[in-house]
């Protein structure tokens, strides 16, 4: 039986499918490996506190439960250090390349900041997100959490 154009197209389709499946599998495994190094927070229940250098950073997200595709209020409380610049939060998914999604914080009172942000619904169906809190001049702390769709 001769190798026809139909055979060629079917072979290409199979190779493309195998490549997509392999790439997706590697991405999922990379995301799972990335998650192992983080302590998970349950923002559906309460705020979460982490230590950074000499500082203690507490993050809370409202309203609860935390859902994607709605405006969320991010509240930071920082103790043990005085910031010379406002903190900010970058939202992403561990192990996935995402577009920029930054929450700019405003000072509410000394050591307390608030900002509004938005978490999109991931087409992959994954629900694990990271709030990467940057305290300029002090460091970065990661809060990992689940969102509801």
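Every read-out reported here was derived from the displayed coordinates using simple, explicitly stated rules and does not represent laboratory data. Just so we're clear, the structure is a prediction, and the values are computed from it rather than from any experiment. Heads up, the Cβs are rebuilt from the backbone with ideal geometry, glycines too, and the neighbour counts pull from every protein chain shown.
Things worth noting here:
- Residue list for segment 113-149, given a label point 7 angstrom along the Cα-to-Cβ vector of residue 44 and an amide N cut-off under 18 Å: 119-122, 125-131, 144-149
- Principal axis dimensions, largest first and in whole angstrom, of segment 40-146 by Cα: 40, 26, 21
- Length gained on full extension, residue 62 to residue 110: 15.2 nm, using 0.36 nm per residue less the C-alpha separation.
- Highest-first arrangement of 51-58, 118-125, 138-145, where packing means the average Cβ count within 10 Å: 138-145, 51-58, 118-125
- Were the residues from residue 122 through residue 70 laid out at 0.36 nm apart, the gain over their Cα-Cα distance would be 17.4 nm.
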